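Structure first, commentary second.
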Amino acid sequence: MKVTLDYAVLAPVLVPAIGAVLVLLLDALLPRLGHWHWAIAALVLLVGAASTVPAFTSYDDSRATLCLNGTQCLYVADRVASALQVATLVSAAVVALLILPVRAPVDRTPVASALVLTAAAGGTGVMAARDLGSWLVLIELATIPTVALVAFRARRSAVDGALSLLTTSLVSFAVLALGAAMWFASTGSALLDGDAVLAAAADPETRRVLVLAVVLIVAGLGFKLSLVPFHAWTPEAYSGASIPVGAFLAVTSKLAALGALLAVLRGVTVLGESALLAIAVVAAITMTLGNVMALREPSALRLLAWSTVAQAGWVILPLATVASGAVRASAGYLLVYGLATLVAFAVVTLVAHAEGRDHATRLTSYAGLFRRRPLAAVTLGAALLTLAGLPPGIIGLVAKVLALRPVVADGLWWLAVIAAINAMLGLAVYLRWMLAMLGRPHADAVVDRPHRLHVALVVLGLLALAATSLAPQLLLGLVG
């Protein structure tokens, strides 16, 4: 059997994986590097992101490697997968830079930076995996390191969050493994292949098993996407972890989980709307519960956690249809959510580093932020308006329209109405935080100067939000 191998196509996965090994070797050879391991990790991740450029300059719709006899390929990176890969690597690099100025035990730095690189490698690989074995291993490679990253804060809340994340991760893997087994039993193939799905769908007996396999896989990935009722770990993990690690959970991990879901759903639209009804119901419940819980949340980190839950409903909303553009709409919405959420976490990290974590995590402590830190307040306001879909965050409004378009085109009016109601609830969630920033500052407000690197990242985040709102195709064009 002849197997083709193209290292250039595998570079987005290989670069962070090799970088994780190099970081540990550097620590053994040069133990005094200290926090500079995070700078090395960020550089490696950006190099990995640069390796995806050929996917956007090539005329080919996809790039494949690990092909058996030149026909069945085990790794296929199409335009959507490549867009999610570059977003995963860039978001992980931003997280590494956010951690760089934070004071933490030096002996944990090499391991923590290697874990970020390992999780990024797993996340980029799962998006292009086309066989069940690699798909299962890579999705766990993207998940398990995050448990240790949460626990590294070494506080009781961090341990509780890590245990909650670990428990749900193990349960989700069991559900995913069962779904993968039923997929193999129904299709007779270990490949995530549309042709195998078509053959299984033709037989009523195997069709039932295949539909159940899809439901189990969606449920297993629901844990990682923070979909209701698999969301319970999210507030605990976000509030227990360090703030940059919370950003990693909210953005990088979600990109990997959606990439894993899209790798499966690309081939199952032939089953029709009945197989996707579960996604529609989960999307409606998820966005509703997330918004309702966020409305009563006094903690900034837990509000961002519930925001993640609500936005996860919007992310999978287009996938409840059989429309041809559903996959691109879902991926595009996640890119917009990821950018806005990452910018929000960057501002919270800046405030926490300058004023203390306890001060930055209370929503009431943001009173007067426009007066004492106008740059941070404007940037956070832009991120919140983008998540709400309000001008000047035009890119957020465009993303919501794109997410709703397949639903309306497919005639799912009940789902469109629920989404519209949740869009209004989302306005209340994010405007509540903005109104707090307009208030008078507390007498005990700290005005220490923030770290220059955090300021630079916040400025870059504001520029990115402004540029993508003026020209949404800069971001949404990545998914074609």
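General observations
- Taken over segment 43-73, the residue count meeting the criterion of being in contact with a Gly (Cβ under 9 Å, 6 or more places away or on another chain) and either crowded, with 18+ Cβ neighbours inside 10 Å or modelled with pLDDT under 80 (or both) is 4.
- Contacts under 7 angstrom Cβ, first residue in segment 324-349 being in contact (Cβ under 8 Å) with a residue 12 or more places away in the chain, partner among the aromatic types (Phe, Trp, Tyr) and in a helix (DSSP H, G or I), 6 or more apart: TYR333/TRP314
- On inspection, LEU369 passes the criterion of being at pLDDT below 90 and more than 24 Å from the chain's Cα centre (by Cα).
- Any hit, segment 349-358, residues being crowded, with 24+ Cβ neighbours inside 10 Å, within 30 Å of ALA278 (Cα to Cα), more than 13 Å from the chain's Cα centre (by Cα) and of a type in the set (Val, Ile, Thr): no
- Residues satisfying the stated conditions in segment 161-207, i.e. without any contact (Cβ under 8 Å) to a residue 12 or more places away in the chain and either among the charged types (D, E, K, R) or in contact with an Asp or Glu (Cβ under 6 Å, 6 or more places away or on another chain) (or both): ASP195, ASP203, GLU205
- Residues in segment 219-240 that are out of contact with any Gly (no Cβ under 6 Å at 6 or more places or on another chain), in a loop (DSSP other than H, G, I, E, B) and not hydroxyl-bearing (Ser, Thr, Tyr): 5 in all.
- Flag for ALA158 being closer than 30 Å to LEU33 by Cα and in a helix (DSSP H, G or I): yes
- Members of segment 40-72 that are of a type outside the set (A, V, I, L, M) and free of Cβ contacts under 8 Å to residues at least 60 places away in the same chain: SER51, THR52, PRO54, THR57, SER58, TYR59, ASP60, ASP61, SER62, ARG63, THR71
- Scanning segment 368-376 for any residue that is buried (at least 24 other Cβ atoms within 10 Å of the Cβ) and touching a Ser or Thr at 6+ places or on another chain (Cβ under 8 Å) turns up nothing.
- Segment 135-168, subset polar (S, T, N, Q) and surrounded by fewer than 20 Cβ atoms within 10 Å (Cβ to Cβ), residue nearest to ILE243 (Cα to Cα): SER157
- Taking the conditions (1) modelled with pLDDT of 90 or more; (2) surrounded by 15 or more Cβ atoms within 10 Å (Cβ to Cβ); (3) among the aliphatic types (A, V, I, L, M) in turn, LEU475 satisfies each one other than (1).
- Per-region count, segment 77-115, residues among the β-branched types (Val, Ile, Thr), farther than 22 Å from VAL455 by Cβ and surrounded by fewer than 22 Cβ atoms within 10 Å (Cβ to Cβ): 2
- Qualifying residue in segment 108-117 (condition: within 18 Å of the chain's Cα centre (by Cα), part of a helix (DSSP H, G or I) and farther than 20 Å from VAL348 by Cβ): yes
- The residues on offer are ASP27, ASP6, and the sole one that is touching a residue at least 12 places away in the same chain (Cβ under 8 Å) and either touching a helix residue (DSSP H, G or I) at 6+ places or on another chain (Cβ under 7 Å) or surrounded by 22 or more Cβ atoms within 10 Å (Cβ to Cβ) (or both) is ASP27.
- Scanning segment 350-364 for residues that are over 16 Å from ALA464 (Cβ atoms) and in a helix (DSSP H, G or I) gives VAL351, ALA352, HIS353, ALA354, GLU355, ARG357, ASP358, HIS359, ALA360, THR361, LEU363, THR364.
The values are calculated or read from the model by the stated rules, or taken from the named source; none is laboratory data. Quick caveat: nothing in here was measured; it's all calculated off a predicted structure. Glycine also receives a Cβ, built like all others from the backbone with ideal geometry; neighbour counts cover every protein chain displayed.
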